[in-house]
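A.B. asks: Have a look at the structure that comes next, please.
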Amino acid sequence: MDLKKLLRLFILVLQLCVFQIATAKGQQSLVPSEKDSTAIKKLTTIEGYIVTSNIITIKYHTLTGVDPLKNQNWVGIWQGSQILYDTPPIRKTLITGTTSSGDLAFDSLSLQKKDYIIGYGSGEGNDKVSATIYFRADVLPFEPGLSFATNLNVLDYGNNFLVVSFQTPLGNIPRSNQNWVGIWKGKSISSNGINLIKKRKINSVISSDTIAINNLNLTRNTWYTVTYALGSLFTDIVATYTFFNQ
């Protein structure tokens with residue numbers, strides 16, 4: 001077995017052992033609860049149904065202000081229970097809507113009695129999948145698929161640090177896919193990054209992890225927003241966590 005295959009095997013074992021369990025019930029993640037239960041969380045989500053063996057209907061909700069068409073958002077379907085980042089989906093459809101929420105239908109499919117997973121992504125490749133719907137092989141018509149969304153929590157914070165946990169789809173390698181966490185001053189984020197305090201690249205090789213961010217100098221009685229991005233750009237932000245530093 002060559003070095004590349006050994007590395008891929010090692011990464012897979014880590015993903016199966018740390019923070020995350022992929023079972024027949026879909027993707028589940030083992031992470032602690034966030035420190036502030038009053039925090040405001042916003043995620044990119046999708047939900048859907050298999051109507052017939054030829055049609056799947058999908059509803060999506062992105063972050064406020066996102067233009068799916070401009071950001072090259074898409075939905076793709078793979079056979080199996082996990083997104084195959086190194087394999088093109090069997091069907092891929094671009095989102096043509098320009099508002100943050102919408103719906104669409106996959107038609108002309110030929111679904112078999114097998115597992116399927118749909119991913120909501122952006123860009124030309126398959127490396128920015130933010131949310132998924134998993135359909136088991138025994139799913140019934142109009143039975144909803146099991147949804148998963150990239151999300152993050154602030155587990156603890158002080159004057160100068162944040163401890164942040166994140167969950168992304170199983171199979172994502174944050175370090176390879178240029179994932180990063182941003183800390184912004186205020187309850188919103190700017191498109192030009194003017195209120196961005198710090199940008200921290202994720203060096204993890206597992207899809208869910210916990211990191212510490214230091215040297216922040218947070219101000220008391222101030223709102224802050226933590227963001228998770230699946231690529232290097234501000235338009236790659238797919239989840240936010242806003243809290244008040246008392």
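A.B. asks: Among 212-220, 95-103, what's the highest-first ranking by average C-beta atoms within 10 angstrom per residue?
C.D. replies: Numbers: 212-220: 12.0, 95-103: 14.0.
By packing density, highest mean first, the sequence is 95-103, 212-220.
A.B. asks: So what is Rg over Rh here for segment 42-149, counting just Cα atoms and using Kirkwood for Rh?
C.D. replies: 0.94
A.B. asks: Would you please name the chymotrypsin sites (Phe, Trp or Tyr not before Pro) within segment 78-173 that are DSSP coil residues with at most 10 other C-beta atoms within 10 Å of their C-beta?
C.D. replies: Phe142
A.B. asks: Here's something else I'd like to know. At Thr57 and Leu218, where each label point lies 7 Å from the Cα along Cα→Cβ, what is the point-to-point distance in nanometres?
C.D. replies: Each label point is offset 7 Å from its Cα along the Cβ direction, giving 4.3 nm.
A.B. asks: Give me Trp74, Trp184, Trp223 ranked fewest to most by other Cβ atoms within 10 Å of their Cβ, as a rough exposure proxy.
C.D. replies: Numbers: Trp74 20, Trp184 23, Trp223 15.
In order of increasing Cβ crowding within 10 Å: Trp223, Trp74, Trp184.
A.B. asks: Right, another one. Test of understanding: what is the full-extension gain from Arg91 to Phe234, defined as 0.36 nm times their sequence separation minus their Cα-Cα distance?
C.D. replies: Extra length available between Arg91 and Phe234 comes to 48.8 nm.
A.B. asks: What are the trypsin sites (Lys or Arg not before Pro) within segment 113-166 that DSSP puts in a loop, where the Cβ has at most 10 other Cβ atoms within 10 Å?
C.D. replies: Numbers: sites: Lys113, Lys114, Lys128, Arg136; in loops: Lys113, Lys114, Lys128, Arg136.
Of the trypsin sites (Lys or Arg not before Pro), the ones in loops of segment 113-166 whose Cβ has at most 10 other Cβ atoms within 10 Å are Lys113.
A.B. asks: Summing Lys, Arg as +1 and Asp, Glu as -1, what charge do residues with Cβ under 12 Å from the Cβ of Thr96 carry, Thr96 excluded?
C.D. replies: Summing Lys and Arg as +1 and Asp and Glu as -1 gives -1.
A.B. asks: Same structure, new question: What number in nm² do you get for segment 123-246 if you take the convex hull of its Cα atoms and divide its surface by four?
C.D. replies: Average of the hull's projected areas for segment 123-246 equals 9.2 nm².
Laboratory data are not the source of any read-out in this text; all were calculated from the coordinates shown. Worth saying up front: this structure is predicted, and the values here are computed from it rather than measured. Neighbour counts run over all protein chains shown; Cβ positions are idealised from the backbone, glycine included.
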